[in-house]
1. Looking only at the stretch 23-79, count every residue that is open to solvent by 80 Å² or more (accessible area, probe 1.4 Å) and in contact with a Cys (Cβ under 7 Å, 6 or more places away or on another chain) and tell me the total.
2. Taking the stated definitions as given, is Val183 assigned to a helix (DSSP H, G or I), of a type in the set (A, V, I, L, M, F, W, C) and either open to solvent by 40 Å² or more (accessible area, probe 1.4 Å) or within 16 Å of Gln152 (Cα to Cα) (or both)?
3. Residues of the stretch 80-104 being open to solvent by 20 Å² or more (accessible area, probe 1.4 Å) and either away from the ligand (no atom under 16 Å from the Cβ) or β-branched (Val, Ile, Thr) (or both), which ones?
4. When you scan the stretch 209-227, how many residues do you find that are among the small types (Gly, Ala, Ser), open to solvent by 10 Å² or more (accessible area, probe 1.4 Å) and within 13 Å of the ligand (Cβ to nearest atom)?
5. Mind telling me which of the residues Val119, Val139, Val146, Val160 ends up being open to solvent by less than 50 Å² (accessible area, probe 1.4 Å) and not in a helix (DSSP H, G or I)?
6. Would you check which residues across the stretch 163-180 are more than 16 Å from the ligand (Cβ to nearest atom) and either outside any loop (DSSP other than H, G, I, E, B) or touching an Asp or Glu at 6+ places or on another chain (Cβ under 9 Å) (or both) and list them?
7. Are there helices (runs of 4 or more DSSP H) fully within the stretch 1-104 with at least 3 residues that are farther than 15 Å from Ala122 by Cα and without any contact (Cβ under 8 Å) to a residue 60 or more places away in the chain? List them.
8. For the list (1) within 15 Å of the ligand (Cβ to nearest atom); (2) surrounded by fewer than 18 Cβ atoms within 10 Å (Cβ to Cβ); (3) within 24 Å of Met229 (Cβ to Cβ), I need the number of the one condition that Gln206 fails.
Amino acid sequence: MTTRTPLMAGNWKMNLNHLEAIAHVQKLAFALADKDYDAVEVAVLPPFTDLRSVQTLVDGDKLKIKYGAQDLSAHESGAYTGEISGAMLAKLKCTYVAVGHSERRQYHNESDELCNAKVKAAYQNGLTPILCVGEGLDVRKAGNQVAHTLAQLDGGLKDVPAEQAESVVIAYEPVWAIGTGEVATPEDAQEVCGAIRGRLAELYSQELADKVRIQYGGSVKSGNVAAIMAQPDVDGALVGGAALDSEEFVKIVRFRDQ
Ligand SMILES: O=C[C@H](O)COP(=O)(O)O
């Protein structure tokens, strides 16, 4: 039987400047103990401008918190004003990078093709992509959440070889549950996360599918995390709003105590 270490990742979105980031990570580091890191992998995804400060703190204090970025360019370098390359993130020793978050898809028109190029750019630079997928309310109301989400998965992983895909993290985030207080039921989360694992088995192998961590995201809080994590195909959470409160995020990391 495969045991997957849960991954609790805080996506700060466009919140916390670099000074606030240092204070926030220090609070997390102070609260979290070795037993927490033994049970759960903990990561933060700050804004780009915070990453150097977070790196300095994590390196200097030898913290076990992992960190990464919220996006990367599909390009390696060049005349792409405003973009940040995977190589730049790797130089900052990022572990993770989110790809295709619904806010990127919605506000920046990111397509599955672009997400696919970004997944490849992440691997090209030794970063682990957290590929975000999930349906909007209209799709959910029509009952097409599984087909919609699996199409995003297929698109994001197109031509990604198994040696790379075995380390990918998939974040299932129903768009209607993001920042709305509307959390999907644990059964809703399991339905789609289970289908994602099934598709990974079809695309690659059951062995690979059993290794991949699938997170749920969308209004996760300390009060609902335990029930979601009890689902067999949910291996962590991508946490937005609740990750900005260090005490709340620590409670989410300690979901087994809730
Ligand atoms: O990346 C995180 C998700 O968008 C969830 O955000 P939320 O926890 O504020 O609903």
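The values are calculated or read from the model by the stated rules, or taken from the named source; none is laboratory data. Small disclaimer: the values here were computed from a predicted structure and weren't measured. As a convention, Cβ positions derive from the backbone with ideal geometry for all residues, glycine included, and neighbour counts pool all protein chains shown. Ligands, DNA and RNA are stripped out before the accessible areas are found, and what is left, the full protein with its side chains, is counted by its heavy atoms. Shrake-Rupley method; radii C 1.70, N 1.55, O 1.52, S 1.80 Å.
1. Count: 0.
2. No.
3. Tyr80, Thr81, Gly82, Glu83, Ile84, Ala87, Met88, Ala90, Lys91, Leu92, Lys93, Thr95
4. Of the residues in that region, 3 qualify.
5. Going through Val119, Val139, Val146, Val160 in turn, the sole match is Val160.
6. Correct list: Glu163, Gln164, Ala165, Glu166.
7. Here the list reads 18-31, 34-39, 51-60.
8. Here Gln206 meets the rest and fails (1).
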